[in-house]
Amino acid sequence: MKSIAVAVVIIFASCSIFAQNITGKWNGILKVQGMQVRLAFNITKTDSGYKATMDSPDQKAMGIPVETTSFTNGVVKMAIPKALIEYLGAVKDDNTIIGHLKQSGQSFPLNLSRNELEKEKVLRPQEPVKPYPYYAEDVTFQNKKANITLAGTLTLPSQQGNFPVVVLISGSGPQNRDEEVAGHKPFLVLSDFLTKNGFAVLRFDKRGIAQSKGNYNTATTVDFASDVEAAVTYLLTRKEINKTKIGLMGHSEGGIIAPIVAAQNKNVKFIVLLAGSGIPGGQILLLQQELLGRATGVSEPDIVKEKTINTAAYNIITKSTDSQKLKTDLTAYYTKAYNDNPIPDSSKSMSIADMVKFEVNGLTTPWMEYFIKYNPAPILQKVKCPVLAIGGDKDLQVPATINLDAINAALTQGGNKNVTVKQLPRLNHLFQECNTGSSTEYAQIEQTFSPIALTAILNWLQIQVK
(Lines give C-alpha, C1' and ligand atoms only; values in the text may rest on other atoms or scores of the structure.)
Protein backbone atom coordinates (compact mmCIF):
# COMPACT_ATOMS: atom_id res chain seq x y z
CA MET A 1 0.00 0.00 0.00
CA LYS A 2 1.34 3.39 -0.90
CA SER A 3 1.25 6.24 1.58
CA ILE A 4 1.90 9.92 1.14
CA ALA A 5 5.12 10.75 2.94
CA VAL A 6 5.92 14.16 4.41
CA ALA A 7 8.73 15.76 2.44
CA VAL A 8 11.96 15.75 4.38
CA VAL A 9 14.69 18.27 3.61
CA ILE A 10 18.16 16.97 4.33
CA ILE A 11 20.70 19.71 4.99
CA PHE A 12 24.22 18.71 4.20
CA ALA A 13 25.86 22.12 4.55
CA SER A 14 27.33 21.31 7.94
CA CYS A 15 29.16 18.29 6.59
CA SER A 16 32.70 18.98 5.60
CA ILE A 17 33.81 17.82 2.18
CA PHE A 18 37.17 16.16 2.05
CA ALA A 19 38.79 13.12 0.56
CA GLN A 20 36.87 10.42 2.38
CA ASN A 21 37.14 6.68 2.00
CA ILE A 22 33.66 5.19 1.96
CA THR A 23 34.59 1.58 1.21
CA GLY A 24 33.76 -1.08 3.78
CA LYS A 25 30.75 -2.13 5.81
CA TRP A 26 28.31 0.52 7.02
CA ASN A 27 25.75 -0.44 9.68
CA GLY A 28 22.45 1.18 10.52
CA ILE A 29 19.19 0.55 12.35
CA LEU A 30 16.06 1.51 10.43
CA LYS A 31 13.08 2.45 12.58
CA VAL A 32 9.79 1.84 10.79
CA GLN A 33 6.43 1.96 12.55
CA GLY A 34 8.17 1.49 15.88
CA MET A 35 10.10 -1.56 14.67
CA GLN A 36 13.89 -1.71 14.53
CA VAL A 37 15.47 -3.37 11.49
CA ARG A 38 19.23 -3.80 11.18
CA LEU A 39 20.68 -2.96 7.76
CA ALA A 40 24.21 -2.94 6.41
CA PHE A 41 25.70 -1.64 3.16
CA ASN A 42 28.93 -3.20 1.90
CA ILE A 43 30.68 -0.71 -0.41
CA THR A 44 33.67 -1.53 -2.59
CA LYS A 45 35.69 0.55 -5.06
CA THR A 46 35.76 -0.40 -8.74
CA ASP A 47 37.63 0.92 -11.75
CA SER A 48 34.59 2.91 -12.78
CA GLY A 49 33.37 4.05 -9.36
CA TYR A 50 31.67 2.08 -6.58
CA LYS A 51 29.44 -0.94 -6.11
CA ALA A 52 27.55 -2.21 -3.07
CA THR A 53 25.35 -4.87 -1.57
CA MET A 54 22.81 -4.57 1.22
CA ASP A 55 22.27 -6.97 4.13
CA SER A 56 19.11 -7.24 6.23
CA PRO A 57 20.11 -9.78 8.89
CA ASP A 58 16.84 -9.56 10.82
CA GLN A 59 15.03 -10.66 7.65
CA LYS A 60 17.77 -13.20 6.85
CA ALA A 61 18.42 -11.45 3.52
CA MET A 62 22.10 -11.01 2.76
CA GLY A 63 24.04 -9.75 -0.25
CA ILE A 64 21.13 -7.94 -1.92
CA PRO A 65 22.61 -6.26 -5.03
CA VAL A 66 22.55 -2.47 -5.03
CA GLU A 67 22.03 -1.45 -8.65
CA THR A 68 23.62 2.00 -8.52
CA THR A 69 26.15 3.42 -6.07
CA SER A 70 27.74 6.86 -6.33
CA PHE A 71 29.83 9.18 -4.15
CA THR A 72 30.10 12.80 -5.18
CA ASN A 73 30.97 15.88 -3.13
CA GLY A 74 30.63 13.98 0.11
CA VAL A 75 27.19 12.58 -0.74
CA VAL A 76 26.53 8.84 -1.01
CA LYS A 77 23.65 7.66 -3.21
CA MET A 78 22.52 4.03 -3.52
CA ALA A 79 19.45 2.60 -5.25
CA ILE A 80 17.69 -0.76 -5.53
CA PRO A 81 14.96 0.05 -8.09
CA LYS A 82 13.38 -3.42 -7.99
CA ALA A 83 12.49 -2.83 -4.35
CA LEU A 84 11.85 0.91 -4.81
CA ILE A 85 14.67 1.61 -2.32
CA GLU A 86 16.98 4.63 -2.34
CA TYR A 87 19.56 5.78 0.18
CA LEU A 88 20.95 9.32 0.29
CA GLY A 89 23.50 10.28 2.91
CA ALA A 90 26.23 12.81 3.68
CA VAL A 91 29.57 11.63 5.03
CA LYS A 92 30.09 13.45 8.33
CA ASP A 93 33.42 11.84 9.17
CA ASP A 94 35.29 8.62 8.52
CA ASN A 95 32.89 6.74 10.82
CA THR A 96 29.49 8.34 10.18
CA ILE A 97 27.04 8.91 7.33
CA ILE A 98 23.94 11.03 8.05
CA GLY A 99 21.06 10.22 5.74
CA HIS A 100 17.62 8.90 4.85
CA LEU A 101 16.34 5.71 3.26
CA LYS A 102 13.33 6.04 0.99
CA GLN A 103 11.08 3.16 -0.05
CA SER A 104 7.94 3.51 -2.15
CA GLY A 105 8.06 7.25 -1.55
CA GLN A 106 8.24 7.08 2.24
CA SER A 107 11.36 8.57 3.82
CA PHE A 108 12.99 7.28 7.02
CA PRO A 109 16.06 8.60 8.87
CA LEU A 110 18.92 6.11 8.59
CA ASN A 111 22.39 7.04 9.83
CA LEU A 112 25.22 4.64 9.11
CA SER A 113 28.30 3.76 11.15
CA ARG A 114 31.30 1.53 10.70
CA ASN A 115 30.68 0.27 14.23
CA GLU A 116 28.38 -2.64 15.01
CA LEU A 117 25.12 -1.24 16.38
CA GLU A 118 22.75 -2.62 18.99
CA LYS A 119 18.99 -2.22 18.89
CA GLU A 120 17.40 -0.15 21.62
CA LYS A 121 15.97 -2.37 24.34
CA VAL A 122 12.19 -2.29 24.56
CA LEU A 123 10.02 -3.14 27.53
CA ARG A 124 7.73 -6.15 27.10
CA PRO A 125 6.43 -6.90 30.61
CA GLN A 126 4.13 -9.76 29.55
CA GLU A 127 6.89 -11.90 28.02
CA PRO A 128 7.61 -14.89 30.28
CA VAL A 129 11.12 -15.43 31.60
CA LYS A 130 12.72 -18.82 32.06
CA PRO A 131 12.51 -21.01 34.02
CA TYR A 132 8.83 -21.47 33.19
CA PRO A 133 6.46 -22.99 35.79
CA TYR A 134 5.47 -25.64 33.23
CA TYR A 135 7.05 -28.10 30.80
CA ALA A 136 8.26 -26.81 27.43
CA GLU A 137 9.65 -29.06 24.69
CA ASP A 138 11.03 -28.16 21.28
CA VAL A 139 9.51 -30.62 18.82
CA THR A 140 9.52 -31.51 15.14
CA PHE A 141 6.79 -33.22 13.13
CA GLN A 142 6.27 -34.30 9.54
CA ASN A 143 3.92 -33.02 6.90
CA LYS A 144 4.01 -36.21 4.86
CA LYS A 145 1.88 -34.76 2.08
CA ALA A 146 4.42 -31.96 1.49
CA ASN A 147 7.41 -34.07 2.54
CA ILE A 148 8.70 -31.42 4.94
CA THR A 149 9.64 -31.22 8.61
CA LEU A 150 8.09 -28.52 10.75
CA ALA A 151 9.53 -27.28 14.03
CA GLY A 152 7.84 -25.78 17.04
CA THR A 153 7.38 -25.75 20.79
CA LEU A 154 4.91 -27.82 22.80
CA THR A 155 4.12 -26.52 26.27
CA LEU A 156 2.35 -28.67 28.87
CA PRO A 157 1.03 -27.68 32.32
CA SER A 158 3.26 -30.48 33.66
CA GLN A 159 5.37 -33.22 32.12
CA GLN A 160 2.90 -35.90 33.20
CA GLY A 161 -0.84 -35.74 32.60
CA ASN A 162 -3.49 -35.64 29.90
CA PHE A 163 -4.43 -32.15 28.74
CA PRO A 164 -6.67 -30.33 26.28
CA VAL A 165 -4.56 -28.69 23.59
CA VAL A 166 -4.64 -25.62 21.36
CA VAL A 167 -2.66 -25.28 18.13
CA LEU A 168 -1.71 -21.66 17.46
CA ILE A 169 -1.80 -20.59 13.79
CA SER A 170 0.01 -17.38 12.90
CA GLY A 171 -1.02 -14.59 10.56
CA SER A 172 0.34 -13.72 7.13
CA GLY A 173 4.01 -13.17 6.48
CA PRO A 174 7.14 -15.16 7.35
CA GLN A 175 6.16 -15.77 10.96
CA ASN A 176 8.09 -17.81 13.50
CA ARG A 177 6.47 -19.81 16.29
CA ASP A 178 6.10 -16.71 18.51
CA GLU A 179 4.40 -14.75 15.68
CA GLU A 180 7.06 -12.12 16.30
CA VAL A 181 6.02 -8.67 15.07
CA ALA A 182 6.91 -5.08 16.01
CA GLY A 183 9.12 -6.26 18.85
CA HIS A 184 6.30 -8.32 20.35
CA LYS A 185 5.86 -12.09 20.66
CA PRO A 186 2.07 -12.55 20.87
CA PHE A 187 2.11 -16.34 20.62
CA LEU A 188 4.75 -16.66 23.35
CA VAL A 189 2.54 -14.60 25.65
CA LEU A 190 -0.61 -16.45 24.60
CA SER A 191 0.92 -19.93 25.02
CA ASP A 192 2.34 -18.96 28.43
CA PHE A 193 -1.08 -17.74 29.61
CA LEU A 194 -2.98 -20.78 28.36
CA THR A 195 -0.45 -23.30 29.66
CA LYS A 196 -0.53 -21.72 33.12
CA ASN A 197 -4.29 -22.21 32.98
CA GLY A 198 -4.29 -25.92 32.19
CA PHE A 199 -3.96 -26.12 28.40
CA ALA A 200 -1.24 -27.71 26.33
CA VAL A 201 -0.20 -25.44 23.46
CA LEU A 202 1.60 -26.21 20.20
CA ARG A 203 3.03 -23.29 18.25
CA PHE A 204 5.35 -23.73 15.27
CA ASP A 205 7.42 -21.88 12.68
CA LYS A 206 5.81 -21.47 9.28
CA ARG A 207 7.23 -23.69 6.56
CA GLY A 208 10.56 -22.33 5.33
CA ILE A 209 10.90 -20.02 8.35
CA ALA A 210 13.31 -20.36 11.28
CA GLN A 211 13.66 -24.09 12.06
CA SER A 212 10.90 -25.36 9.77
CA LYS A 213 11.76 -26.80 6.36
CA GLY A 214 9.96 -26.22 3.08
CA ASN A 215 9.52 -23.33 0.67
CA TYR A 216 7.73 -20.33 2.14
CA ASN A 217 7.80 -18.28 -1.06
CA THR A 218 5.71 -20.73 -3.10
CA ALA A 219 3.21 -21.56 -0.35
CA THR A 220 -0.42 -20.46 -0.23
CA THR A 221 -2.99 -20.47 2.56
CA VAL A 222 -3.96 -24.02 1.52
CA ASP A 223 -0.37 -25.18 2.03
CA PHE A 224 -0.26 -23.60 5.50
CA ALA A 225 -3.54 -25.37 6.29
CA SER A 226 -1.86 -28.64 5.31
CA ASP A 227 0.87 -27.86 7.88
CA VAL A 228 -1.77 -27.37 10.58
CA GLU A 229 -3.30 -30.72 9.61
CA ALA A 230 0.14 -32.23 10.19
CA ALA A 231 0.30 -30.58 13.61
CA VAL A 232 -3.03 -32.16 14.59
CA THR A 233 -1.82 -35.56 13.36
CA TYR A 234 1.33 -35.16 15.46
CA LEU A 235 -0.64 -34.30 18.62
CA LEU A 236 -2.62 -37.53 18.24
CA THR A 237 0.65 -39.40 18.88
CA ARG A 238 1.35 -37.67 22.20
CA LYS A 239 0.19 -39.46 25.32
CA GLU A 240 -0.05 -36.16 27.22
CA ILE A 241 -2.77 -34.88 24.88
CA ASN A 242 -6.48 -35.53 25.38
CA LYS A 243 -7.43 -36.70 21.88
CA THR A 244 -11.04 -35.56 22.33
CA LYS A 245 -10.09 -31.98 23.21
CA ILE A 246 -7.96 -30.68 20.34
CA GLY A 247 -8.63 -27.12 19.21
CA LEU A 248 -7.19 -24.52 16.82
CA MET A 249 -6.60 -20.84 17.43
CA GLY A 250 -5.71 -18.71 14.41
CA HIS A 251 -4.77 -15.05 14.21
CA SER A 252 -5.47 -12.98 11.09
CA GLU A 253 -4.63 -15.36 8.18
CA GLY A 254 -4.65 -18.08 10.84
CA GLY A 255 -8.32 -17.23 11.27
CA ILE A 256 -8.82 -18.29 7.65
CA ILE A 257 -6.77 -21.44 8.06
CA ALA A 258 -8.48 -22.77 11.20
CA PRO A 259 -11.90 -23.17 9.50
CA ILE A 260 -10.29 -24.86 6.47
CA VAL A 261 -8.82 -27.53 8.76
CA ALA A 262 -11.84 -27.80 11.06
CA ALA A 263 -14.22 -28.27 8.12
CA GLN A 264 -12.44 -31.47 7.06
CA ASN A 265 -10.82 -32.85 10.23
CA LYS A 266 -13.16 -34.37 12.80
CA ASN A 267 -10.36 -34.44 15.38
CA VAL A 268 -10.71 -30.66 15.71
CA LYS A 269 -13.30 -30.06 18.41
CA PHE A 270 -13.29 -26.24 18.65
CA ILE A 271 -11.72 -23.21 16.97
CA VAL A 272 -10.93 -19.63 17.97
CA LEU A 273 -10.66 -16.96 15.28
CA LEU A 274 -8.58 -13.96 16.40
CA ALA A 275 -9.14 -11.08 13.97
CA GLY A 276 -10.15 -13.61 11.34
CA SER A 277 -11.76 -12.51 8.09
CA GLY A 278 -15.19 -13.37 6.77
CA ILE A 279 -15.04 -11.48 3.47
CA PRO A 280 -12.92 -12.05 0.31
CA GLY A 281 -9.24 -11.17 0.45
CA GLY A 282 -9.45 -8.43 -2.15
CA GLN A 283 -12.04 -6.61 -0.05
CA ILE A 284 -9.84 -6.97 3.03
CA LEU A 285 -6.91 -5.32 1.22
CA LEU A 286 -9.04 -2.43 0.00
CA LEU A 287 -10.36 -1.78 3.51
CA GLN A 288 -6.84 -1.99 4.95
CA GLN A 289 -5.51 0.51 2.46
CA GLU A 290 -8.34 2.94 3.14
CA LEU A 291 -8.24 2.73 6.94
CA LEU A 292 -4.45 2.66 7.35
CA GLY A 293 -4.04 5.41 4.77
CA ARG A 294 -6.51 7.65 6.59
CA ALA A 295 -4.82 6.91 9.93
CA THR A 296 -1.46 8.01 8.55
CA GLY A 297 -2.74 11.23 7.00
CA VAL A 298 -3.26 10.30 3.36
CA SER A 299 -5.65 12.76 1.73
CA GLU A 300 -9.17 11.63 0.86
CA PRO A 301 -8.72 12.24 -2.89
CA ASP A 302 -5.60 10.06 -2.89
CA ILE A 303 -7.40 7.34 -0.89
CA VAL A 304 -10.19 7.35 -3.48
CA LYS A 305 -7.70 7.30 -6.36
CA GLU A 306 -5.77 4.37 -4.88
CA LYS A 307 -8.96 2.46 -4.15
CA THR A 308 -10.19 2.93 -7.71
CA ILE A 309 -6.91 1.74 -9.21
CA ASN A 310 -6.57 -1.28 -6.92
CA THR A 311 -10.22 -2.33 -7.15
CA ALA A 312 -9.84 -2.79 -10.89
CA ALA A 313 -6.53 -4.62 -10.43
CA TYR A 314 -8.04 -7.05 -7.91
CA ASN A 315 -10.93 -7.69 -10.26
CA ILE A 316 -8.43 -8.68 -12.95
CA ILE A 317 -6.80 -11.08 -10.48
CA THR A 318 -10.12 -12.55 -9.33
CA LYS A 319 -11.15 -13.37 -12.91
CA SER A 320 -7.75 -14.72 -13.93
CA THR A 321 -7.18 -18.42 -14.65
CA ASP A 322 -3.70 -18.12 -16.15
CA SER A 323 -0.89 -16.83 -13.91
CA GLN A 324 1.44 -15.92 -16.76
CA LYS A 325 -1.27 -14.03 -18.65
CA LEU A 326 -2.19 -12.34 -15.39
CA LYS A 327 1.26 -10.73 -15.20
CA THR A 328 0.87 -9.42 -18.73
CA ASP A 329 -2.62 -8.08 -18.04
CA LEU A 330 -1.62 -6.38 -14.79
CA THR A 331 1.47 -4.86 -16.36
CA ALA A 332 -0.62 -3.30 -19.12
CA TYR A 333 -3.25 -2.14 -16.62
CA TYR A 334 -0.86 -0.53 -14.11
CA THR A 335 1.21 1.08 -16.87
CA LYS A 336 -1.90 2.86 -18.16
CA ALA A 337 -3.15 3.64 -14.65
CA TYR A 338 0.15 5.23 -13.56
CA ASN A 339 0.45 7.22 -16.77
CA ASP A 340 -3.10 8.50 -16.41
CA ASN A 341 -2.85 9.02 -12.63
CA PRO A 342 0.69 9.96 -11.52
CA ILE A 343 1.45 8.65 -8.04
CA PRO A 344 2.39 11.63 -5.83
CA ASP A 345 4.63 9.58 -3.52
CA SER A 346 6.58 7.87 -6.27
CA SER A 347 10.31 8.38 -6.20
CA LYS A 348 11.61 10.59 -8.99
CA SER A 349 14.41 8.13 -9.64
CA MET A 350 11.96 5.26 -10.12
CA SER A 351 10.54 4.94 -13.59
CA ILE A 352 6.92 4.01 -14.18
CA ALA A 353 8.23 0.70 -15.54
CA ASP A 354 10.01 0.00 -12.24
CA MET A 355 6.92 0.97 -10.25
CA VAL A 356 4.73 -1.29 -12.37
CA LYS A 357 7.12 -4.22 -12.08
CA PHE A 358 7.28 -3.81 -8.30
CA GLU A 359 3.48 -3.72 -8.05
CA VAL A 360 2.89 -6.67 -10.38
CA ASN A 361 5.54 -8.84 -8.71
CA GLY A 362 3.90 -8.25 -5.33
CA LEU A 363 0.42 -9.09 -6.57
CA THR A 364 1.31 -12.24 -8.50
CA THR A 365 3.02 -14.29 -5.82
CA PRO A 366 1.21 -17.61 -5.26
CA TRP A 367 0.10 -16.49 -1.80
CA MET A 368 -1.23 -13.08 -2.81
CA GLU A 369 -3.06 -14.33 -5.88
CA TYR A 370 -4.79 -17.00 -3.78
CA PHE A 371 -5.57 -14.58 -0.94
CA ILE A 372 -7.19 -11.97 -3.18
CA LYS A 373 -9.43 -14.62 -4.76
CA TYR A 374 -10.32 -16.48 -1.57
CA ASN A 375 -13.78 -16.11 -0.03
CA PRO A 376 -13.96 -17.65 3.50
CA ALA A 377 -17.77 -17.95 3.57
CA PRO A 378 -18.24 -21.33 1.81
CA ILE A 379 -15.74 -23.04 4.13
CA LEU A 380 -17.18 -21.37 7.25
CA GLN A 381 -20.57 -22.80 6.30
CA LYS A 382 -19.08 -26.29 6.61
CA VAL A 383 -17.66 -25.80 10.13
CA LYS A 384 -19.78 -27.65 12.69
CA CYS A 385 -17.61 -27.47 15.84
CA PRO A 386 -17.91 -24.65 18.42
CA VAL A 387 -16.44 -21.34 17.23
CA LEU A 388 -15.29 -18.22 19.07
CA ALA A 389 -14.72 -15.25 16.75
CA ILE A 390 -13.17 -12.27 18.45
CA GLY A 391 -11.97 -8.90 17.17
CA GLY A 392 -10.96 -5.45 18.36
CA ASP A 393 -12.97 -2.40 17.40
CA LYS A 394 -9.78 -0.48 16.51
CA ASP A 395 -8.46 -3.15 14.14
CA LEU A 396 -7.54 -1.34 10.91
CA GLN A 397 -6.14 -4.44 9.16
CA VAL A 398 -9.12 -6.78 9.50
CA PRO A 399 -11.95 -4.42 10.52
CA ALA A 400 -13.97 -6.15 13.20
CA THR A 401 -17.61 -5.29 12.55
CA ILE A 402 -17.84 -6.26 8.87
CA ASN A 403 -15.77 -9.42 9.35
CA LEU A 404 -17.39 -10.66 12.55
CA ASP A 405 -20.82 -10.13 10.99
CA ALA A 406 -19.78 -12.08 7.89
CA ILE A 407 -18.28 -14.91 9.95
CA ASN A 408 -21.41 -15.17 12.08
CA ALA A 409 -23.68 -15.11 9.03
CA ALA A 410 -21.76 -17.87 7.24
CA LEU A 411 -21.58 -20.14 10.30
CA THR A 412 -25.28 -19.61 11.04
CA GLN A 413 -26.22 -20.26 7.42
CA GLY A 414 -24.34 -23.54 7.64
CA GLY A 415 -26.37 -24.59 10.68
CA ASN A 416 -23.69 -24.12 13.37
CA LYS A 417 -25.52 -23.37 16.62
CA ASN A 418 -22.46 -23.01 18.85
CA VAL A 419 -21.06 -19.67 17.73
CA THR A 420 -19.81 -16.88 19.99
CA VAL A 421 -18.85 -13.52 18.52
CA LYS A 422 -17.13 -10.82 20.58
CA GLN A 423 -16.00 -7.35 19.55
CA LEU A 424 -13.80 -5.86 22.25
CA PRO A 425 -13.35 -2.09 22.69
CA ARG A 426 -10.04 -0.23 22.24
CA LEU A 427 -8.14 -3.26 20.86
CA ASN A 428 -6.09 -3.22 17.65
CA HIS A 429 -5.20 -6.02 15.23
CA LEU A 430 -2.68 -7.47 17.70
CA PHE A 431 -5.22 -7.27 20.56
CA GLN A 432 -3.32 -4.50 22.30
CA GLU A 433 -5.16 -1.74 24.13
CA CYS A 434 -4.48 1.28 21.92
CA ASN A 435 -5.43 4.82 20.94
CA THR A 436 -5.84 4.76 17.16
CA GLY A 437 -5.34 1.19 15.95
CA SER A 438 -2.63 2.31 13.52
CA SER A 439 0.19 -0.14 12.92
CA THR A 440 2.60 2.66 13.89
CA GLU A 441 1.50 2.12 17.50
CA TYR A 442 2.24 -1.61 17.69
CA ALA A 443 5.87 -1.39 18.76
CA GLN A 444 5.33 1.66 20.95
CA ILE A 445 2.78 -0.09 23.16
CA GLU A 446 4.38 -2.09 25.98
CA GLN A 447 1.43 -4.44 26.25
CA THR A 448 1.62 -7.46 23.94
CA PHE A 449 -1.87 -8.95 24.43
CA SER A 450 -4.72 -7.40 26.36
CA PRO A 451 -5.64 -9.24 29.60
CA ILE A 452 -9.28 -8.51 28.72
CA ALA A 453 -8.92 -10.50 25.50
CA LEU A 454 -6.92 -13.26 27.22
CA THR A 455 -9.63 -13.68 29.85
CA ALA A 456 -12.42 -13.76 27.24
CA ILE A 457 -10.57 -16.47 25.30
CA LEU A 458 -9.82 -18.55 28.41
CA ASN A 459 -13.39 -18.40 29.73
CA TRP A 460 -14.74 -19.66 26.41
CA LEU A 461 -12.12 -22.40 26.12
CA GLN A 462 -12.81 -23.70 29.61
CA ILE A 463 -16.47 -24.16 28.72
CA GLN A 464 -15.52 -26.18 25.61
CA VAL A 465 -13.29 -28.65 27.47
CA LYS A 466 -15.46 -29.33 30.51
*For the subset of region 215-243 comprising residues that are of a type outside the set (D, E, K, R) and part of a strand (DSSP E or B), which member is least open to solvent (accessible area, probe 1.4 Å)?*
I241
*Just give me the residues in region 385-413 being touching a residue at least 60 places away in the same chain (Cβ under 8 Å), under 15 Å from G437 (Cβ atoms) and open to solvent by 30 Å² or more (accessible area, probe 1.4 Å), in sequence order.*
Q397, I402
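I'd like the residue in region 280-296 that is closer than 28 Å to L380 by Cα and among the small types (G, A, S) and, out of all such residues, is surrounded by the fewest Cβ atoms within 10 Å (Cβ to Cβ).
Going through region 280-296, the residues closer than 28 Å to L380 by Cα turn out to be 280-292.
Then keep just the ones that are among the small types (G, A, S); that gives 281-282.
On the way: G281: 24, G282: 20.
Taking the candidates together, the pick is G282.
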*Pairs with Cβ under 7 Å, 6+ apart, first in region 169-197 and under 23 Å from V222 (Cα atoms), second assigned to a helix (DSSP H, G or I) and small (G, A, S)*: I169/G254; I169/A258; S170/G254; G171/G254
*Residue match in region 414-436 (condition: in a helix (DSSP H, G or I) and open to solvent by 30 Å² or more (accessible area, probe 1.4 Å))*: no
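Looking at E120, E127, E116, E137 in this structure, which one is more than 30 Å from I43 (Cα to Cα), in contact (Cβ under 8 Å) with a residue 24 or more places away in the chain and surrounded by fewer than 16 Cβ atoms within 10 Å (Cβ to Cβ)? Break it down into steps so the answer makes sense when it comes.
On the way: E120 fails: more than 30 Å from I43 (Cα to Cα); E116 fails: more than 30 Å from I43 (Cα to Cα); E137 fails: in contact (Cβ under 8 Å) with a residue 24 or more places away in the chain.
Every option except E127 fails the conditions.
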*State the number of residues belonging to region 182-198 that are of a type in the set (A, V, I, L, M, F, W, C), surrounded by 23 or more Cβ atoms within 10 Å (Cβ to Cβ) and either over 16 Å from the mean Cα position of the chain (by Cα) or modelled with pLDDT under 95 (or both).*
3
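Show me the strands (runs of 3 or more DSSP E) found entirely inside region 94-211 where at least 3 residues are in contact with a Ser or Thr (Cβ under 7 Å, 6 or more places away or on another chain). Spell out how you get there, then give the answer.
On the way: elements: 96-103, 106-109, 135-143, 148-156, 163-169, 200-204.
Strands (runs of 3 or more DSSP E) meeting the threshold: 96-103, 135-143, 148-156, 200-204.
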*Do you know which residues across region 295-343 are free of Cβ contacts under 8 Å to residues at least 24 places away in the same chain, farther than 13 Å from L363 by Cβ and of a type in the set (A, V, I, L, M, F, W, C)?*
I303, V304, A332
_Among the candidates I246, I271, residue that is within 19 Å of A377 (Cβ to Cβ) and either touching a helix residue (DSSP H, G or I) at 6+ places or on another chain (Cβ under 7 Å) or in a helix (DSSP H, G or I) (or both)_ = I271
_Residues within region 74-93 that are assigned to a loop (DSSP other than H, G, I, E, B), modelled with pLDDT under 90 and farther than 18 Å from F108 by Cα, tallied_ = 0
*Can you tell me which residues in region 35-73 are outside any strand (DSSP E or B), open to solvent by less than 90 Å² (accessible area, probe 1.4 Å) and either under 29 Å from T448 (Cα atoms) or touching a strand residue (DSSP E or B) at 6+ places or on another chain (Cβ under 7 Å) (or both)?*
G49, P57, D58
*State the number of residues belonging to region 297-325 that are over 12 Å from N341 (Cα atoms), surrounded by 12 or more Cβ atoms within 10 Å (Cβ to Cβ) and charged (D, E, K, R).*
1
*Please work out which one of (1) free of Cβ contacts under 8 Å to residues at least 60 places away in the same chain; (2) touching a helix residue (DSSP H, G or I) at 6+ places or on another chain (Cβ under 8 Å); (3) closer than 22 Å to A182 by Cα is the condition A83 fails and give its number.*
(1)
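The values are calculated or read from the model by the stated rules, or taken from the named source; none is laboratory data. Every value quoted in this text rests on a predicted model; they were computed, and no experiment measured them. Every residue, glycine among them, receives a Cβ derived from its backbone with ideal geometry; neighbour counts consider all protein chains shown. Calculation scope for accessible area: heavy atoms of the full protein, side chains included, ligands and nucleic acids excluded. Shrake-Rupley method; radii C 1.70, N 1.55, O 1.52, S 1.80 Å.
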